[in-house]
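The values are calculated or read from the model by the stated rules, or taken from the named source; none is laboratory data. Note that the structure is predicted; figures quoted are calculated from it, not measured. Ideal geometry is used to build each Cβ from the backbone, glycine not excepted, and the neighbour counts take in all protein chains shown.
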Amino acid sequence: MKDTKDLKVKAGVEQRQHNRPVRKVAGGRGAGFYAADKDGNISVVSQSLARLLKYSSKEEVVGLNIADKLYETKEDRGAFLKKLSQEGTVEGYAVNMVRKDGSRIVLSAHSTLLCDEAGEPVGVEGVLEEIVPEGAIIKAKDRPIPDLVPINENAANTFDGLIKDPLTGLLNYQYFMTCLNTELKRVERIFHPTCLMMIDLDNFSVFNQKNGRAEGDELLKTVASLLRDNLRPTDIHCRQAQDQFLILLTETTREEALVLAKKAKDVIQQALADKKVTSSIGMSRFIIGMTVQELFLQANLGVYMAKAAGKNEACFYG
């Protein structure tokens, strides 16, 4: 188990914490998390952001230099960094980027400057969200409303299809975010501890390539069952992306979350030992005034630290 606090958010950001709006993470529309070092080399990226940029996997994006590979011009990157260094955080900053296929995309950046304990910048973390052109929004509004399914025609199955991942039966990302936002509002009112666990399978892409998609799907179903059977029934389980899972740990302290993460890690390791697949787990705890993005980013950084520690680890960030 790892417990580290290598990076500190710039002090000026904390002073504005109570004034920050809580932004909802746009899961399906086009958004994702990232973290980069002070030179612009990407160290953490979500699968959703990789796909938005037309890369087949997040592994393709990790290690790329933002200024050289993603920004339309280095001047754009320089202007972004100047604003970020002056203010500590940016909200809704429009950036022009280039996808892998050469096409251009405009993204809205919600980013924070990371500093070490001495106050020296060490990197940037944040969320990039696709800016939908106004014309596209109007076009969407003009679409005809589909016929509603009669309530007596497989109503239960229809509801499950809206909220659950069809492969694993866990909650899908969109419905999980609804649950998360509702729970955080409750936590802000009653001040109960709540933590987020983010699980990323180690070596899953290698297993998938070697054994095929069908075997990979069966492995994901196994992991989902392990999480359901070995964690608490009050926890909210979700399949976030192909080999990534989220668990909202309600009424859970930092110490309790570490115990649960170790249990999840060990159960997965034992069950999948013959397949050589383990898990790297990152955790974060919700603090009053924190945004949803910050909760996710800290858990994501925990995953990154677990990977950097040799995989098959669980790390708490913050």
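Details
Residues are listed down the side, and each one gets a yes or a no for (1) touching a Phe, Trp or Tyr at 6+ places or on another chain (Cβ under 8 Å); (2) over 20 Å from Gly169 (Cα atoms):
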| residue | (1), (2) |
| --- | --- |
| Asp217 | no, no |
| Asp229 | no, no |
| Ala241 | yes, no |
| Asp266 | no, yes |
| Lys275 | yes, yes |
| Thr278 | no, yes |
| Ile281 | no, yes |
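A quick yes/no check of all residues on (1) among the small types (Gly, Ala, Ser); (2) at pLDDT 95 or above; (3) touching a helix residue (DSSP H, G or I) at 6+ places or on another chain (Cβ under 8 Å):
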residue	(1), (2), (3)
Leu227	no, yes, yes
Asn230	no, no, yes
Thr234	no, no, no
Phe245	no, yes, yes
Thr250	no, no, yes
Ala271	yes, yes, yes
Phe296	no, no, no
Asn300	no, no, no
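- A single member of Phe176, Phe191, Phe245, Phe207 is on the phi > 0 side of the Ramachandran plot and either outside the structural domain of Phe286 (by TED's automatic domain parsing) or in contact (Cβ under 8 Å) with a residue 60 or more places away in the chain (or both), and it is Phe191.
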